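The values are calculated or read from the model by the stated rules, or taken from the named source; none is laboratory data. Everything quoted here is computed from the prediction, not taken from an experiment. Backbone-built Cβ (ideal geometry, glycine too); neighbour counts: all protein chains shown.
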Amino acid sequence: MEPTDHVKAHLMTAADLQRVLDRMARQVAEFVDPSADATATFGLVGLQTRGVHLARRLQQRLHDDDGLAVPLGILDATMYRDDVRLRRTRPEVKPTDIPFDVTGRHLVLVDDVLYTGRTGRSALDALMDMGRPASVRMLVMIDRGLRELPIAPDIVGREVPTLPGEEVRVRLREEDAREGVWLVATDGTGARAG
């Protein structure tokens, strides 16, 4: 957490995250056509930063549990956001690497938290600039509500209604010193998740 955060609730432990990811992997597997080659017709796209780690974990579970070789892409949609010019500081743009053609492919867009819907919208814009997918579904670990745009996830780990001044922090071992999900009250200066 940030020094100015006040933790209101510990929502998920590392074990909870693992159980939820197992369930979500089962749901993703249902989207894969068993008569088709998943390598050529399907793909996971993780949104920078924590969505990438979640997508990698899902990819591994799909391989281990179902024998599915699902390709993984990494997307940073920062420059597609409609609020990028309104920020006081220059945003950090991270790498995008989608090593497969998105055209005609069924994609699952993976992110940690869904809030306003702006990140989801910008990710869709970025994907459409790369081609025309057959379908795009959205998977999020946490849906915290308070949407500003009509973006809805297809697979949700947990719904956590929040109030203004609250944020949900997903922490993953690949990126952070600990793992779990926390509800925090912020001082109002924290960056908004999409």
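Here is how the numbers come out for the structure above:
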item: Selection count, the range 90-146, where residues are acidic (D, E) and within 21 Å of V170 (Cα to Cα); result: 4
item: Any chance M12 is within 19 Å of R173 (Cα to Cα) and of a type in the set (A, V, I, L, M, F, W, C); result: yes
item: Residue match in the range 52-65 (condition: under 26 Å from M128 (Cβ atoms), assigned to a loop (DSSP other than H, G, I, E, B), at pLDDT 95 or above and in contact with a strand residue (DSSP E or B) (Cβ under 8 Å, 6 or more places away or on another chain)); result: no
